[in-house]
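Below: one structure, written as structure tokens.
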Amino acid sequence: MKTMLRTVLFAVIVMMTAVTMQAQPKFTNPKDFFGFTPGDDRQLMDYEQLIEYLTKLDAESSRLKLEKIGESPMGKPMYIAFLSDESNIENLESLRQINHKLALDPDLTDKERSELSKEGRVFVYATLSMHSGEVAPSQSAPLVAYDLASTMDPEKLQWMKDVVYMMVPCHNPDGMDMVVHNYLKYKGTKYEGASLPGVYHKYVGHDNNRDFVILSQDDSRAIAKVYNQTWLPQVMVEKHQMGSTGTRYFVPPNHDPIAENIDGGLWTWVGIFGQNMQNDMTNAGLAGVSQHYAFDNYWPGSTETCLWNNVIAFLTEAASVKDATAVYVEPNELSVRGKGLSEYKKSINMPLPWEGGWWRLGDIVEYELVSTMSIIKTASLYKEKILLFRNDMCRREIEKGKNQAPYYYIIPEKQHDISELINLVNLLRRHGLQVYRLDKDVLLDNRLYLKGDFIVPLAQAYRAMAKEILEAQEYPERHYTPGGDLIKPYDITSWSLPLHRQVESVEVNKKYPVLEESLTVLTEDLDYSIEAPANFYAAVYTVNYNESFMAAFAAMNNGMEVHRLNEDIEIDGQVLPQGSFVVFNSKKTSSGWTKINEKILFPPVYMAEKIELKSTLVKMPRIALVETWFHDMDAGWTRYILDHYAIPFSLLHPADLAEAELDSYDVILFADDGKSQLMTGKYGSEGNYSMSSYAPEYVKGMGKKGLENILKYVNEGGVVLSWGRSTELFTGMLNIGSGDEKEEFQFPVRDISSSLSKKGLNVSGSLLRINVLQGHPLTYGLPEQIGVFSRGRPVFQTSLPRFDMDRRVIATYPEKDILLSGYIAKPEFLSDRSAMVWLKKAKGQVVLYGFNPQFRASTQASFKLLFNGLFLGSTK
């Protein structure tokens, strides 16, 4: 009887299984689609293949919806793959509205909060492989999507009822294709796994993870819009990779220091997600998972900047291979250093060390799959608490804004550079911040603020973001032991938007009811442009505005006549300073004006009729930018700025300089690259070079011949602009020619930053005040003092010139009050030191900057020092 019963039960189970299998739709397996399982050794899909697969899976599964969110800088479409229960996918819009209510409405009743926490879902936003050399997260995306789209696991099905997983399958589509195609190019050769020459992005490479304050790049804006304007997810993770010989994986919590404007509750939730990942990954036998290690969370700029928008945000980091080629790590090669781990041993921050051996792409993919499922599981486990917490954060931040100073930031409409005021206000709105305008004049503390001035109240949901990007930064000094070594910052220590842009912003630390009664919310982006008069003689663009340079270059690009004023003039009561641009009107220039007005959001001063002007005709400067092959982010940022301001240029690589006909250029730019990389194509210094990870055709420098060619170019009338480490090319003994024609010389300047550093000077990527020489062609449009981004090197000391040379100090650090924002130790060693020097040799000029004038496109205060330099050799 029992045997018969077992037989019947078995038959029923078989029948039910067959029916279930028959009813379950068939989904395309990644292996069948790609011809390999993602993560297999030496196999990579590119971006187009990845999206093609997800598009196919979208058509097959009701649990997946692929939605375009923007375009990459090179025009590739960017997507989110929404993965969730079928009913959630069908009701995404209503769930999105719940997200908005919980994130932004502080006045919800307890009943409404309770209902929304039950009706809502936790949206987990995952962005993969923004750094394209870190291939595994995007390679794992098809496996994650297939698992969630096809699983019949009851536990996972419950997760998907509670959670909407929002996966950006690749944060950086352009870079993904570059890296994958480079890997495939060398696959099977001795150079398999060679690094991609150049940056894995149109412009900024690895620095795309530094762009989330200024949002300059198309892909950054697409990603940020999701968390601060459209979908407002509650949880966000950015998936990265790190070096090969340390821990296998990093999960939060981070190491100190942490951002002080972030509410403690957010750090607690970040820790819960991290601890659950540690637990789940260790239980799955995945060794080498670390916490509280290496990565602090002090500075905004990465994708986790959404923490300041009340999102529970964090990153993970996996040990890397050579793209898709496995590496073997000897046990005694494993090492750690710095924050959180001093020895590669079992510890509270790494409870299960990895023992070494083969490490493969498939291993990283496995870690990604387990960590991803852990995040989704945690979001499901705490669904209602997370949703309520999001509304709690809204309430808390608004209450802080009502009861804690500062209460407002006031940004006067009258500014030295109106173009940067416009850009700043529009950027604040892009961050999801509420910006208001005064609808009448208001007197506060003996200062009259005028109708039209801009107000950012701190009593708003994104208070932390507003305060963080509007205040001056003060680095929180933390030490490993009392009185011990300072915990150094992971990246920079200054990002204050007003200070970096030379826009006045007033922090108000008292509450003023009269102010709050006089506000009108700004509902659209600023645009001060006006329609041009029917007939006019010329338009004058003041040199005080950065975007006047954009107008001038756009005009020249369209064949229009452009002059620069040789002296100040006054038109209709407005003073236009020396160096301003005059663009002349004619019947042939109508299309040119259209193109200028498409770019410029402020009006020029129109001259109705001819006025006698003392001005100089400007020709389009012929510009060359030197960019190394070694992931040259600073040169990449320079390319971005030149393109953004409509400035045409040619690109040269160091190896080109030996034979290039340099007299075809008016100006040559050297970005922040080391002398060794420029001269030899190698990292290190003479006698201490390190082996390159690039194929040999990219490991070439300019050599002595190239440097001599540059110096000859200067001698014969060329202009060189050089900043940061590249300035070393132009210090010390130099020579031109050979034999009897050989000329040895030394510019009357030297870099003294090394000696100052030994005395204790330490500048951790900060904004420093400089005094600017007035009336010099390099400083047209600048006030007497500005802030510049500095790491404390180089610092110049000039001397008396000899023979056909000369020098002028263009900018110096003040005697005191040098730090504007960030961190500096021993600032007194910079007192009255030279920050920028103009040099003359025979007919030519060299300008040395002791700071990056265009640092990450975020230092608009010093852009004019670069832009003016472009015209040194181009006036007639």
query: Which residue out of Gly760, Gly739 is small (Gly, Ala, Ser), modelled with pLDDT under 95 and on the phi > 0 side of the Ramachandran plot?
result: Gly739
Filter result (in contact with a helix residue (DSSP H, G or I) (Cβ under 8 Å, 6 or more places away or on another chain), over 19 Å from Lys377 (Cα atoms) and surrounded by fewer than 19 Cβ atoms within 10 Å (Cβ to Cβ)) within the range 264-294: Gly265
message: Which count do you get for residues in the range 205-251 that are farther than 27 Å from His100 by Cα and touching a strand residue (DSSP E or B) at 6+ places or on another chain (Cβ under 9 Å)?
response: 12
- line: Checking Met560, Met633 in turn, the sole residue that is over 30 Å from Val442 (Cβ atoms), within 31 Å of the chain's Cα centre (by Cα), surrounded by 16 or more Cβ atoms within 10 Å (Cβ to Cβ) and modelled with pLDDT of 95 or more turns out to be Met633
- request: Could you list all residues from the range 491-514 that are part of a loop (DSSP other than H, G, I, E, B) and more than 29 Å from the chain's Cα centre (by Cα)?
  value: Asn509, Lys510, Lys511, Tyr512
query: Out of the residues in the range 499-518 that are farther than 29 Å from Glu547 by Cα and touching a Pro at 6+ places or on another chain (Cβ under 8 Å), which is most open to solvent (accessible area, probe 1.4 Å)?
result: Glu516
query: Among the residues of the range 792-820, how many are farther than 15 Å from Val837 by Cα and free of Cβ contacts under 8 Å to residues at least 40 places away in the same chain?
result: 4
query: Within the range 151-168, can one find any residue that is in contact (Cβ under 8 Å) with a residue 60 or more places away in the chain, touching a Pro at 6+ places or on another chain (Cβ under 9 Å), surrounded by 16 or more Cβ atoms within 10 Å (Cβ to Cβ) and closer than 20 Å to Trp231 by Cβ?
result: yes
task: Output yes when any residue across the range 192-215 is in contact with a helix residue (DSSP H, G or I) (Cβ under 7 Å, 6 or more places away or on another chain), open to solvent by less than 10 Å² (accessible area, probe 1.4 Å), part of a loop (DSSP other than H, G, I, E, B) and of a type in the set (S, T, N, Q), and no when none is.
output: no
statement: Among strands (runs of 3 or more DSSP E) entirely within the range 658-706, at least 2 residues that are over 29 Å from Lys619 (Cβ atoms) occur in 683-685, 688-690
- request: Could you give me the residue pairs with C-beta distances under 9 Å whose first residue belongs to the range 475-499 and is free of Cβ contacts under 8 Å to residues at least 40 places away in the same chain and among the charged types (D, E, K, R), whose second residue is surrounded by fewer than 14 Cβ atoms within 10 Å (Cβ to Cβ) and not in a loop (DSSP other than H, G, I, E, B) wherever it lies, and which are 6+ apart or on separate chains?
  value: Asp485/His479
message: Just checking: which of the strands (runs of 3 or more DSSP E) contained wholly in the range 515-606 hold 2 or more residues that are within 23 Å of Ile647 (Cβ to Cβ)?
response: 538-541, 562-565, 581-584
message: Is it the case, given these coordinates, that Asn546 is farther than 23 Å from Gly775 by Cβ, in contact (Cβ under 8 Å) with a residue 12 or more places away in the chain and touching a Ser or Thr at 6+ places or on another chain (Cβ under 8 Å)?
response: no
statement: Scanning the range 824-850 for residues that are assigned to a loop (DSSP other than H, G, I, E, B) and crowded, with 22+ Cβ neighbours inside 10 Å gives Gly850
- prompt: Of the residues that make up the range 26-46, is at least one over 30 Å from Gly205 (Cα atoms), of a type outside the set (Val, Ile, Thr), exposed (fewer than 15 other Cβ atoms within 10 Å of the Cβ) and at pLDDT below 95?
  reply: yes
field: Selected residue [of a type outside the set (Gly, Ala, Ser) and part of a strand (DSSP E or B)] from Glu355, Glu343, Glu317
entry: Glu317
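Per-residue answers, yes or no, for (1) buried (at least 22 other Cβ atoms within 10 Å of the Cβ); (2) touching a helix residue (DSSP H, G or I) at 6+ places or on another chain (Cβ under 8 Å):
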| residue | (1), (2) |
| --- | --- |
| Ser685 | no, yes |
| Gly703 | no, yes |
| Glu716 | no, yes |
| Lys758 | no, no |
| Ser764 | no, no |
| Gly775 | no, no |
| Glu784 | no, no |
| Gly787 | yes, yes |
task: Could you grab the pairs with beta carbons closer than 6 Å, sequence gap of 6+ or different chains, first residue in the range 337-362 and polar (S, T, N, Q), second one surrounded by 19 or more Cβ atoms within 10 Å (Cβ to Cβ)?
output: Asn349/Ser290; Asn349/Gln291; Asn349/His292; Asn349/Tyr293; Asn349/Gly340; Asn349/Leu341
task: Could you give me the residue pairs with C-beta distances under 8 Å whose first residue belongs to the range 368-379 and is closer than 14 Å to Ala145 by Cα, whose second residue is polar (S, T, N, Q) and part of a helix (DSSP H, G or I) wherever it lies, and which are 6+ apart or on separate chains?
output: Glu368/Ser140; Leu369/Ser140; Thr372/Ser140
message: On the basis of being under 20 Å from Gly781 (Cβ atoms), open to solvent by less than 20 Å² (accessible area, probe 1.4 Å), part of a loop (DSSP other than H, G, I, E, B) and not hydroxyl-bearing (Ser, Thr, Tyr), does Pro853 make the cut?
response: yes
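The values are calculated or read from the model by the stated rules, or taken from the named source; none is laboratory data. What you see is a predicted model; the values in this text were computed from it and never measured. Ideal geometry is used to build each Cβ from the backbone, glycine not excepted, and the neighbour counts take in all protein chains shown. Areas reflect the complete protein model, heavy atoms only, side chains present, ligands, DNA and RNA absent. Shrake-Rupley method; radii C 1.70, N 1.55, O 1.52, S 1.80 Å.
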